[in-house]
1. All but one of (1) part of a helix (DSSP H, G or I); (2) at pLDDT 90 or above; (3) crowded, with 18+ Cβ neighbours inside 10 Å hold for residue 38; which doesn't?
2. Give the residue, chosen from 190, 220, that is at pLDDT 60 or above and hydrophobic (A, V, I, L, M, F, W, C).
3. Out of (1) surrounded by fewer than 17 Cβ atoms within 10 Å (Cβ to Cβ); (2) more than 23 Å from residue 186 (Cβ to Cβ), what's the single condition that is false for residue 389?
4. Could you list all residues from the range 235-251 that are among the small types (Gly, Ala, Ser) and part of a loop (DSSP other than H, G, I, E, B)?
5. For the range 311-329, give me the residue count where each residue is farther than 22 Å from residue 132 by Cα and free of Cβ contacts under 8 Å to residues at least 60 places away in the same chain.
6. Consider residue 340 carefully, then state whether it is surrounded by fewer than 18 Cβ atoms within 10 Å (Cβ to Cβ) and in contact with a Ser or Thr (Cβ under 9 Å, 6 or more places away or on another chain).
7. Give the range 353-397 a look and list any residue that's among the small types (Gly, Ala, Ser) and either within 18 Å of residue 282 (Cα to Cα) or assigned to a loop (DSSP other than H, G, I, E, B) (or both), or say none.
8. Could you please give the count of residues in the range 105-135 that are touching a Leu at 6+ places or on another chain (Cβ under 7 Å) and under 21 Å from residue 289 (Cα atoms)?
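The values are calculated or read from the model by the stated rules, or taken from the named source; none is laboratory data. Just so it is clear, the model here is predicted, and its values are computed rather than measured. For neighbour counting, all protein chains shown are included, and Cβ atoms are generated from backbone atoms with ideal geometry for every residue, glycine included.
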Amino acid sequence: MVVYFFELVLVFLTFFIIFGRKSINMLNPTILYCIIWGTMIVLYVLPIFLNYPTIKFTNWLLIISTVLVFCLGSELAIVTFRNRKAGVSFSYDKKKLQSLMFLLLMIVFVAFVITVVKLGLPPLLGGSIVRSLYYVNFVEPFYLLIFPFWFGSVYLIKSKYHIYRNVFFITVSLIPVLMRGNKFPLIFLIGLIIFYLGINKKVKLKYLFLILFVVFGVFIFSSTFITKSSDEILKTQDVILGINLPSYLRSLADPIMYITNNLMNFSNFLNVHSPYSFGMEQISGLMHDLGLDFLVRNSVNANSMLWSSNLQFSWLTTGTYLKTFYLDFGYIGVIFGPLFYGYICGYFYMKVIKKQMDNSLTTIYISYLLFLSVLLSFFTNYFSENGLIYNLIAIFIIDFVTRRRSLDGSK
């Protein structure tokens, strides 16, 4: 009963934050984090997966503490920078930016065609290679330029520059994404749209439910059509996980499983003695992109083996962004990591809210990555993933080439 009490308190605090304000901005990291983690905790407690283990009280206490610590860091940054001057404003050559976006789109399609030539048909068209392995190492960084392409295209739409043309380009760009059968790019694009909507607009509560509906719909669509889960696989999952849903709601099981299994895995791993990797896990993606992954390979591989050997269900492998902090610094990392993370999110949130579209492209892009990382915090540490540095370099170049002038934004 004590565990349920703490969970109800967290839910109450989440709803207090939401309903206690006349309107909310979805970019606010405090609000967003409470919604994400509050939803995850509530879904875990509900008897949807009967074979999920019960989380110990001490682990619940630690998990809830990380939520409060993140919010503390976020609110501290918001209060600190709320009254600071906005600073310099930036303007960009939209025509030149549009040309660069078209160039990126062409590069993405060329990379996709090369991948098809090298590996054969993509997963959705019956290719023999599973979607997680459908890539060519030296080609993949060019395909991943689809993320800067989407960022710049939605920026142009937000700036009311050739809206229909950019919508068409984005629609065309979805072809290779759907062919390859990857879920994450769709989440990236949905998050990007939400982010740009929130830059200078507060969102009514009803839109939160619409956003939740869209995200669930993406998971259901991808599970049904992209990953092509067979009836045998679904029946096996039902038995192993003890799925407690009526047949007409079975399609909800996959998105709920993606959300809740991370909490289970992280909680279970708290009982395992893990040698600290002192930041190696956090920077593993950066080291990979720089070609220096040999410096962290042994530590990362050891962590991966230890993590895999302690999973409750072998195919559910993720463990929230806290997994990285725990592997690197143990309990100290789990407590102080969210504090620092929340502070950085709060800082960039204030920069975006103050200057909105007058920020530099680089600042807006980093702000979006932080927003996305909070959206995915229930799932993984986005900043330890591969490919981030390539896209960030692309944004730097686009920013430099298309920047027209800067204006003194002080009043």
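1. Status for residue 38: all satisfied but (2).
2. Values: 220 fails: at pLDDT 60 or above.
Every option except 190 fails the conditions.
3. Among (1) surrounded by fewer than 17 Cβ atoms within 10 Å (Cβ to Cβ); (2) more than 23 Å from residue 186 (Cβ to Cβ), residue 389 violates only (2).
4. Filtering the range 235-251 down to residues among the small types (Gly, Ala, Ser) leaves 242, 247, 251.
242 - this is the single residue of the range 235-251 that is among the small types (Gly, Ala, Ser) and part of a loop (DSSP other than H, G, I, E, B).
5. Within the range 311-329, the subset farther than 22 Å from residue 132 by Cα is 322, 325-329.
Still in the list and also free of Cβ contacts under 8 Å to residues at least 60 places away in the same chain: 325, 327-329.
Within the range 311-329, residues that are farther than 22 Å from residue 132 by Cα and free of Cβ contacts under 8 Å to residues at least 60 places away in the same chain number 4.
6. Values: surrounded by fewer than 18 Cβ atoms within 10 Å (Cβ to Cβ): yes; in contact with a Ser or Thr (Cβ under 9 Å, 6 or more places away or on another chain): no.
Judged against the criteria, residue 340 is not a match.
7. As a first pass, look at the range 353-397 and keep what is among the small types (Gly, Ala, Ser): 360, 367, 373, 377, 384, 387, 394.
Residues satisfying the conditions are 360, 373, 377, 384, 387.
8. Residues of the range 105-135 that are touching a Leu at 6+ places or on another chain (Cβ under 7 Å), as a first pass: 107-108, 124, 127, 129, 134.
Now drop any that are not under 21 Å from residue 289 (Cα atoms), which leaves 107-108, 134.
Of the residues in the range 105-135, 3 are touching a Leu at 6+ places or on another chain (Cβ under 7 Å) and under 21 Å from residue 289 (Cα atoms).
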